[in-house]
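Report on one structure; see the data block that follows.
The values are calculated or read from the model by the stated rules, or taken from the named source; none is laboratory data. Note that the coordinates shown come from a computational prediction; the quantities given were computed from them, not determined experimentally. Virtual Cβ from ideal backbone geometry, glycine too; neighbours counted across all protein chains shown.
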Amino acid sequence: MTEPLARIPFSPKDEGRIDSASRWMRFIAVVQIIGSVIGLVGLVVLGTVFSLFGSLLFAKLREAASQSGADVHFEADLIAPLGVVLIVVGIISMITLGVQLWASMMLYRAGDNFAQVAATDVADQDFLADGFSNLKTYFYVEALFAVLAALNAVIGLVGMGAV
Amino acid sequence: MSDAERSEEPRLKRIPFTHQDHKTLLAMCNAMRVAAAANVVATLINTFVSMQSENAGGMVGVLIQAAFAALLFTSASHFQKVAETDDDDQRHVAEGLEQLRVLFLLKGALVIVGITLAVLIVPIMIVAGALGAFAAAS
């Protein structure tokens, strides 16, 4: 079995480009990580606020409905379905943000690997292989989100046609 | 070794990646192509919707997504050659990473422009809102 190459003779120009690529990858990764963390924190805050004050809001709505004499079955017709929808949306959002956060960390690690290729001559082949492995994971997630976006666009188009 | 000497070193025709590394490369190429193709489909549909509402911003988004897709496809083709051939591995790795560099540079530029606009627009909106309230009160 051939030993992995410690040094791949990239030209100084290629090494500069690889180093630049690694920096931009890490920049995008950091931006996406910050966005994902803010989104997750925001969801937790929203969920907390809703659980604390949601029952108060619904009590006020129920009182207003009974005073107006409207025949509304609040629990069955409004609260239960709304609660289920909100919980499902919240869970899906948290999973999406969590997956995006993980993929962004893979992109950051890929950037690190390629930076090592450009800056050192100790294990170029291994760093390249690790970088490609991390990039593969990142692009798997990107592909999944892109397919979901395409499906969403198709559904929207069909909906437009129906209207 | 000087930069001039390093620039004249012969490129490797074959980088001895393992079979597993080749599989990883091919899987990455497929994922890149799926992401590029799905984004193109979503963009084309959104283009159609934009044309219905004469939204110029949608057309700009189309051009940007098309550029991203082209870069992903080109990069994937270079990495696929690394996995499937032993002709010019080093050059294909360098070219593939160069395409990715341009892709992430464009994304980074868009992020910087977006953050700059957000930083500029928020104070302008606050000032405009305050001026409007002042004008309404007087």
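Residue-wise test of (1) more than 9 Å from chain A (Cβ to nearest Cβ); (2) not acidic (Asp, Glu).
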position: B:60; (1), (2): yes, yes
position: B:63; (1), (2): yes, yes
position: B:88; (1), (2): yes, no
position: B:105; (1), (2): no, yes
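With respect to residue B:106, determine if the residue is modelled with pLDDT of 85 or more and within 25 Å of residue A:30 (Cα to Cα).
Numbers: modelled with pLDDT of 85 or more: yes; within 25 Å of residue A:30 (Cα to Cα): yes.
For residue B:106, the condition - modelled with pLDDT of 85 or more and within 25 Å of residue A:30 (Cα to Cα) - is met.
Go over the candidates B:60, B:49, B:40 one by one and state the one that is more than 16 Å from residue A:128 (Cβ to Cβ), among the aliphatic types (A, V, I, L, M) and within 14 Å of the chain's Cα centre (by Cα).
One residue alone meets the criteria, B:40.
Quick one: which residue in B:120, B:131, B:44, B:25 is at pLDDT below 90, more than 19 Å from residue A:29 (Cα to Cα) and at the interface with another protein chain (Cβ under 9 Å from one of its Cβ atoms)?
B:44
Looking only at residues in segment A:1-18 that are buried (at least 16 other Cβ atoms within 10 Å of the Cβ) and either among the charged types (D, E, K, R) or within 13 Å of the chain's Cα centre (by Cα) (or both), which one is nearest to residue B:111 (Cα to Cα)?
Only one residue fits best here, namely A:17.
Does segment A:133-146 include one or more residues that are assigned to a helix (DSSP H, G or I), touching a Lys or Arg at 6+ places or on another chain (Cβ under 8 Å) and touching a residue at least 24 places away in the same chain (Cβ under 8 Å)? Break it down stepwise before answering.
Here is the first cut: in segment A:133-146, the residues assigned to a helix (DSSP H, G or I) are A:133-146.
So of that shortlist, the ones also touching a Lys or Arg at 6+ places or on another chain (Cβ under 8 Å) come out as A:134.
Okay, now just the ones that are also touching a residue at least 24 places away in the same chain (Cβ under 8 Å), so A:134.
Among the residues of segment A:133-146, at least one is assigned to a helix (DSSP H, G or I), touching a Lys or Arg at 6+ places or on another chain (Cβ under 8 Å) and touching a residue at least 24 places away in the same chain (Cβ under 8 Å), which makes the answer yes.
I'd like the full set of residues that are closer than 26 Å to residue B:31 by Cα, of a type in the set (D, E, K, R) and either modelled with pLDDT under 95 or surrounded by fewer than 13 Cβ atoms within 10 Å (Cβ to Cβ) (or both), limited to segment A:73-121.
Answer for segment A:73-121, where residues must be closer than 26 Å to residue B:31 by Cα, of a type in the set (D, E, K, R) and either modelled with pLDDT under 95 or surrounded by fewer than 13 Cβ atoms within 10 Å (Cβ to Cβ) (or both): there is none.
Please work out which one of (1) modelled with pLDDT under 90; (2) touching a Lys or Arg at 6+ places or on another chain (Cβ under 8 Å); (3) not acidic (Asp, Glu) is the condition residue A:55 fails and give its number.
Result: residue A:55 fails condition (2) only.
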